[in-house]
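Below is one structure; the comments refer to it alone.
Here, each number is a calculation from the coordinates, and none is a lab measurement. Everything numeric in this text was worked out from a predicted model, so none of it was measured. As a convention, Cβ positions derive from the backbone with ideal geometry for all residues, glycine included, and neighbour counts pool all protein chains shown.
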Amino acid sequence: MLASGILGYSAETLESIVEGGAGAVVTKSIGLKQREGYANPTVVQASCGLINAMGLPNPGIDEFVKEIRQAKAVVKVPLIVSVFGYSEEEYAKVAKKAVDAGADAVELNVSCPHVRETGSEIGQNPTILSEVVRKVKAVVSAPVIVKLSPNVTSITELAETAEKAGADALTAINTVRAMAIDAETTMPILSNRIGGLSGPAVKPIAVRCVYDVFEHVKIPIVGCGGIASWRDAVEFVLAGASAVQIGTAIALKGPSVFRAVARGVDSYLRRNGFESVNQIVGLAHKS
Ligand SMILES: Cc1cc2nc3c(=O)[nH]c(=O)nc-3n(C[C@H](O)[C@H](O)[C@H](O)COP(=O)(O)O)c2cc1C
């Protein structure tokens, strides 16, 4: 799947991702009202990844429903709309509008590491997280996926909370809180100072999160964080993921990264005598 926030705004870009071989697409996170996002710079290159603080720029759900309808007409794979809000009610309103417009599922972004009063504040607090999931589940019949933050003491507690509140699946992980400072100007590089790290640098953290969460929940896990090759994808599945998302790797490898990963996973399965990816989900826990 395409991870949220990377090329996930318009029907055209989503279509190019599907042509690249993605089995499902997640849109950029959408809120109730339009948000400008932060001033530049919003992305900075780190040694093994990117640090971003976009500030959740989005047109607001009432405008975005047009894109959802257009995308549904051209995108022949499941369309998952990523949703954020500042209250339980906002999450529920946005999710309902997205599903009414044709979204096949919603992914709740309760884990944005750099916008105050949404994201992490919700994803780090079991009581609020539970209320958000319950309110959304009460108004939509489509599957509800909860995207977990790695910026917590116990990701398993939040995963269990989401499952108990009715989540149908979990995505692990969103970006890891990070920053970069320019030695010459002596200033933080991102306009927001703090951002979220993605790409190969976070992969071992993400694999550990999926591994831990798998031991505590029964619902499917979508692995995400630093996947760029079939070997990375297999690692996540062995840790317990039933599907994977790719984001940052698209910047380097282009949309065809999806087909390359899928083909690589297929030949890995064949080489090792497995009939389906389901046979290797969580296999690392048995060894
Ligand atoms: C530029 C950029 C924008 C992002 N925007 C969002 C977003 O709007 N919502 C969200 O849930 N995650 C967002 N993410 C996080 C990704 O979906 C993903 O969880 C993270 O980047 C780790 O995966 P990766 O290493 O494959 O990129 C963003 C990441 C990047 C790099």
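The relative contact order of the chain comes to 18 percent, based on Cα pairs under 8 Å that sit 6 or more residues apart. Charged neighbours of residue 257, selected by a Cβ distance under 14 Å, balance to +2 (K, R count +1; D, E count -1). Ordering 243, 162, 46 by the projection of their Cα atoms onto the charge dipole of the chain, which places +1 on the Cβ of Lys and Arg and -1 on the Cβ of Asp and Glu, puts 243 at the extreme positive end. The ellipsoid that matches the Cα gyration tensor of the chain has semi-axes, each √(5λ) in whole angstrom, of 25, 23, 20, with the longest given first.
Among 176, 199, 132, pick out the residue whose Cα is farthest towards the positive end of the charge dipole of region 129-240, where Lys and Arg carry +1 and Asp and Glu carry -1 on C-beta, about the Cα centre. The one lying farthest along the dipole's positive direction is 132. Ordered by the count of other Cβ atoms within 10 Å of each Cβ, fewest first, 27, 186 give 186, 27. Hey, how many Å between the Cα centroid of region 35-109 and the Cα centroid of region 233-287? A separation of 25 Å, based on Cα centres.
Each Lys and Arg Cβ is given +1 and each Asp and Glu Cβ -1; about its Cα centre, region 85-185 then shows a dipole of about 260 debye. A simple spin-label model places pseudo-atoms 7 Å from Cα toward Cβ; at residue 252 and residue 283 they are separated by 2.5 nm.
Exposure proxy shown here: for 15, 89, 107, the number of other Cβ atoms within 10 Å sets the order, fewest to most, as 89, 15, 107. Dipole check for the chain: with +1 at the C-beta of Lys and Arg, -1 at the C-beta of Asp and Glu, and the Cα centre as origin, the magnitude is about 440 Debye. Going by neighbour counts of Cβ atoms within 10 Å, the residues 48, 224 line up, fewest first, as 48, 224.
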